[in-house]
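One structure is given below, encoded as structure tokens.
No lab work stands behind these numbers, since they all come straight from the coordinates. Remember, it's a predicted structure, so these values are computed and weren't measured experimentally. Note: ideal-geometry Cβ built from the backbone for every residue, glycine included; neighbour counts use all protein chains shown.
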Amino acid sequence: MSGPCPACPACGTPCRMRFRSRQGISGDCYGSRRLLLRNAHDAIFVCPSCGWGVVAPLPDQERLERRYRASRELAYLADAQPRRIMFARELDVVARLLSRPPQSLLDIGCSYGILLEEARARSIQAEGLELSDDAVGHCQEAGLSVRQGGVERLGDDDLYDVVFMWDVLEHLVEPVAVLSRVRKHMNAGAILTLVVPDRGSMAARLLGERWWSVCEPHLHYPTRRGIRYLLRLVGFSEVEVSTLPKIAHVSQLVRWIPGGALRRAVSRIVPGARVVTVDPRDQLLVRARAE
Ligand SMILES: [Zn+2]
């Protein structure tokens, strides 16, 4: 089943079929990924102009939301410390770009609220949007300001100095509409910080369907060129494009090893709590300024 060829969400060029849909390891993107194994995914089409990859047909929005509402990612909490380090560094960069510490922050897809806690510790007025019942409950118990849902939950008066959208865009049915809406909730000169998988990266091009970011929950596979085009289209000027190194516990990385026996053997040898930095240079970190 291939379906009709979709138009590129970023530049509008008709896309071409690249990978047919396949069965395989399924589940949420966080838990299902294993190095060099092929995950389940739907048919992926690629833009011949900017390289953006898009799933077609896209799933039904309501069904997708129900799925995310029911999701729990307990591993996310177990990895809180490396995430805290990444968020702290990014908040420092944002303060530099704004030439002052941000006063208000929105985290779209805030999960269990690690960034919100980090922002609160810096006296930033921080709010989150999240779908998962479990994660929203956790955040609210921790006294964090989180609304359940997407950007449609924001009111006309909700304006922010910085918006985080890390590991979110690739999960959206309509990334252009959402980014455009996000722009309307940013003060002039505010900073958007975005993390997305890079389909144009060396890892993605070499590994094809075996690239670890190819998995069922991902509906979009952006590229540097596509993201730049899209951000300009919805009212951002580009500030910086780099890659996000993965700061992780060894135990987090070990989960990616295919084969239970090998995984257990490595776990016995290497201390799981050690924090290491690796950068396969396949996750784009984009900082853009609201014009
Ligand atoms: Zn394109």
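Mind counting the residues in segment 206-226 that are away from the ligand (no atom under 16 Å from the Cβ) and in contact (Cβ under 8 Å) with a residue 12 or more places away in the chain?
Count: 12.
Considering only segment 170-285, give the helices (runs of 4 or more DSSP H) lying wholly within it that have at least 1 residues that are closer than 30 Å to G155 by Cβ.
Of the helices (runs of 4 or more DSSP H) lying wholly inside segment 170-285, those with at least 1 residues that are closer than 30 Å to G155 by Cβ span 175-184, 224-233.
Taking the condition of being assigned to a loop (DSSP other than H, G, I, E, B) and either among the acidic types (D, E) or surrounded by 14 or more Cβ atoms within 10 Å (Cβ to Cβ) (or both), how many residues in segment 68-98 meet it?
Qualifying residue count for the region: 4.
Taking the criterion of being acidic (D, E) and under 25 Å from Y221 (Cα atoms), would at least one residue in segment 108-127 satisfy it?
No, segment 108-127 contains no residue that is acidic (D, E) and under 25 Å from Y221 (Cα atoms).
Quickly run through segment 56-111 and pick out the residues that are without any contact (Cβ under 8 Å) to a residue 24 or more places away in the chain and among the basic types (K, R).
R63, R66, R67, R89, R96, R100
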